[in-house]
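Below is one structure; the comments refer to it alone.
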Amino acid sequence: MLGLAKRVGARFLLTSTSEVYGDPLQHPQKETYWGNVNPIGERSCYDEGKRTAETLAMDYHRGAGVEAIRKQPMTVYGDGQQTRSFQYVSDLVDGLVALMEGEHIRPFNLGNPGEFSMLELSEVVKETIDPTATIEFKPNTADDPHMRKPDISKAKELLNWEPKISLREGLPLMVGDFWKRILNEDEGKDA
């Protein structure tokens, strides 16, 4: 529904629930309260589903996009030293299949442990996608974690899984897919 609202330029109303706060440590709860939640508890499907819906709606509102593909400057928040790990979708699918074919129930980290700063990512984009791409620095966002890197030792040991596609290999594949989607979206506007 968010995708449809974006395509047709419609406003989107999401109704949520106080369950997003879990078992609150703050009373009464303000909209800025993050909550005290158990993401794998007995009530979690409902709670986390609503939290996810709120997150998706805010991400669409913020307009997270594909700046480098549309020839707009890449945005780097803060000093760009915060790290993230990026994974190509087929590696995730392989991990999910391995998980579903097994008998394991608890959470598994199915990420790529390759860790890149946001500045390193922008340089890889320039090297592999668009050497003319520019970077626009903006103030860091609230709640931006400094480091992200999954420990996949459990998945390696119990699922015999680890990612195979590096960031440098995956970026051009992703961009090719995005180009197809953008062209299809633009063609649909003329229809």
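The values are calculated or read from the model by the stated rules, or taken from the named source; none is laboratory data. All figures in this text were calculated on a predicted structure; none of them were measured in a lab. When we count neighbours, we look across all protein chains shown, and the Cβ atoms used for this are built from the backbone with ideal geometry, even at glycine. Just the protein is used for accessible areas: all its heavy atoms, side chains included, with ligands, DNA and RNA removed. Shrake-Rupley method; radii C 1.70, N 1.55, O 1.52, S 1.80 Å.
Some points to look at:
- The stretch 99-191, accessible surface, carbon-and-sulfur percent (1.4 angstrom probe): 53 percent
- Net charge dipole size for the stretch 2-52 [Lys, Arg +1 and Asp, Glu -1 on Cβ; Debye, nearest 20]: 420 debye
- About its Cα centre, the dipole of the chain is roughly 420 debye, where the only charges are +1 on Lys and Arg Cβ and -1 on Asp and Glu Cβ.
- Counted residue by residue at 0.36 nm each, then reduced by the alpha carbon distance between them, the extension gain from Thr32 to Glu162 reaches 43.1 nm.
- Per DSSP, loop GluC sites (Glu not before Pro) in the stretch 1-46 with at most 15 further Cβ within 10 Å: Glu31, Glu42
- Remark: spin-label model distance Arg148-Tyr60 equals 2.0 nm, labels positioned 7 Å along the Cα→Cβ axis.
- For the stretch 15-58: span of alpha carbons on each principal axis (Å, largest first): 25, 23, 13
- Average accessible area per residue (Å²) across the chain - probe 1.4 Å, nucleic acids and ligands excluded: 72 Å²
- Within straight-line reach of Lys30, meaning a Cα separation under 24 Å, sit the following lysines at least 8 residues removed in sequence or on another chain: Lys50.
- Model label points for Leu173 and Asp23, set 7 angstrom from Cα along the Cα-to-Cβ axis, are 4.3 nm apart.
- Aspartates and glutamates whose Cα lies under 19 Å from that of Lys156, excluding same-chain neighbours fewer than 8 positions away: Asp91, Asp94, Glu101, Glu103, Glu115
- From its DSSP helices (H runs of at least four residues, each -39,500 (n - 2.57)), the chain gives a residue-normalised ellipticity at 222 nm of -13500 deg cm²/dmol.
- Ranked order, Phe108, Phe137 - accessible area, probe 1.4 Å, largest first: Phe137, Phe108
- With the whole protein complex present, Thr128 retains an accessible surface near 50 Å², based on a 1.4 Å probe.
- Treating each Cα of the chain as an identical point scatterer and summing with the Debye formula, the log10 of I(q)/I(0) at q = 0.10, 0.11, 0.12, 0.15 Å⁻¹ comes to -0.58, -0.71, -0.85, -1.30.
- Net length available on complete extension from Arg106 to Ile129 is 4.5 nm, with 0.36 nm assigned per residue and the Cα-Cα distance removed.
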